[in-house]
Amino acid sequence: MELFTAMKERRSCRNFLPEEVEEATIEKILEAATWAPSPLNSQPWEFVVVTNKEAKEKIFSEGERCRKWALEKSGWKWLGSYSLDFLRSAPVIISVIGDPKKTGVDMFMEEGSMGYQAACAAAIQNMHLAAHAMGLSSLWFTLFDKKAMREILGIVPEKTPLALICLGKPGGPLTPVPRKEVKEKTIYIR
Ligand SMILES: Cc1cc2nc3c(=O)[nH]c(=O)nc-3n(C[C@H](O)[C@H](O)[C@H](O)COP(=O)(O)O)c2cc1C
């Protein structure tokens, strides 16, 4: 698939078919992740691949707990009807874990370090594009408490679960989401 087509056509999916994803496909998606850039090539990512039903159920419960908390905190109506069933139905959920120690020179900067998170985000985008190119859909999910997710996935306190990537075949057509014009978002300093 042509790269620009993949970037334009990839869409977040919140409705998956139960069809299994082959291990070779998962491995290709993980390999794509590892070709992302990172500060000092520190490769601050690790992955936990979840296909187990009980583990997915625990992730769903944690998502629900956070959804209810966020609804109460924000009052945002959409959270009332936002279904997290995709956390149960996605055949694969890959957790992307970041290592805050592998963050590069920004560890000495006043603003604090975000290099490891930026690198993990680049890895995640590679995963989305690779999945899309192989006929799968995906979702970048972040509505969870890090401490709770560490417990569910068995992650040491020194590392940070940054995102859950749901993967599978889409259960229906994905609605296009518009983008603003580039010129609205850009200034040139010439
Ligand atoms: C950092 C980040 C966090 C996100 N967290 C969530 C999430 O918790 N739940 C969700 O349904 N979508 C989440 N998304 C997906 C966005 O809602 C989605 O990318 C956006 O609406 C644009 O739609 P598109 O991906 O189809 O282009 C997240 C995306 C990013 C980049």
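Are any of the pairs LYS102/LYS185; LYS101/LYS183; LYS73/LYS183; LYS73/LYS159; LYS102/LYS183 more than 29 Å apart by Cα-Cα distance, and if so, which?
Numbers: LYS102/LYS185 31 Å; LYS101/LYS183 37 Å; LYS73/LYS183 35 Å; LYS73/LYS159 27 Å; LYS102/LYS183 35 Å.
Violating the 29 Å limit, Cα to Cα: LYS102/LYS185; LYS101/LYS183; LYS73/LYS183; LYS102/LYS183.
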Open item on the list: Please list, short to long, the whole-number percent of alpha-carbon pairs of the range 3-184 in consecutive 5 angstrom bins beginning at zero.
Closed with: 1, 8, 15, 18, 19, 18, 13, 6, 1, 0
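Return the Rg/Rh ratio of the range 43-87 with Cα-based radii and a Kirkwood Rh.
Details: Rg = 13.4 Å, Rh = 12.1 Å.
With Rg and the Kirkwood Rh in hand, the quotient comes to 1.11.
I need to check one value: relative contact order of the chain, counting alpha carbon pairs closer than 8 Å and at least 6 residues apart, in percent.
Values: 307 pairs, mean separation 64.8, N = 190.
So the answer I get is 34 percent.
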Task: Pair ARG190, LYS8: separation of 7 Å Cα→Cβ label points (nm) - done: 2.6
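If packing is taken as the mean number of other Cβ atoms within 10 Å per residue, what is the order of 41-50, 123-132, 16-25, highest first?
Details: 41-50: 17.8, 123-132: 21.8, 16-25: 13.9.
Descending packing order for the listed peptides: 123-132, 41-50, 16-25.
For a protection proxy built on the mean count of beta-carbon atoms within 10 angstrom, sort 54-62, 76-84 highest first, please. Working shown, then result.
Working: 54-62: 16.8, 76-84: 11.3.
Highest mean packing first, the order is 54-62, 76-84.
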Task: Nitroxide proxy distance, nm - points 7 Å out along Cα→Cβ at LYS146 and SER89 - done: 3.2
TODO: Starting from the Cα gyration tensor of the range 58-142, take the square roots of the eigenvalues, sort them a ≥ b ≥ c, and report rounded, prolate or oblate (rounded when a/c is under 1.5, otherwise prolate if a/b is larger than b/c, else oblate).
DONE: oblate
Task: Shape category assigned to the range 99-190 from the gyration tensor of Cα positions, a/c cut at 1.5 - done: oblate
- [ ] With a 10 Å radius around each residue's Cβ, average the other Cβ atoms per peptide and rank 110-119, 170-179, highest first.
- [x] 110-119, 170-179
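Multiplying the sequence separation of GLU110 and GLU158 by 0.36 nm and subtracting their Cα-Cα distance, what value in nm do you get? Write down the numbers at each step before the final one.
Working: separation 48, 0.36 × 48 = 17.28 nm, distance 2.10 nm.
Separation in residues times 0.36 nm, less the Cα-Cα distance, equals 15.2 nm.
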TODO: With no solvent and one equal point scatterer per Cα, compute the Debye intensity ratio I(q)/I(0) for the range 6-112 at 0.21 Å⁻¹ and report its log10, rounded to two decimals.
DONE: -1.16
- [ ] Please work out whether the range 1-55 counts as rounded, prolate or oblate from its C-alpha gyration tensor, where a ≥ b ≥ c are the square roots of the eigenvalues and a/c under 1.5 means rounded, while otherwise a/b larger than b/c means prolate and anything else oblate?
- [x] oblate
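Just so you know, all these numbers are worked out from the coordinates, no wet-lab data involved. All figures in this text were calculated on a predicted structure; none of them were measured in a lab. Note: ideal-geometry Cβ built from the backbone for every residue, glycine included; neighbour counts use all protein chains shown.
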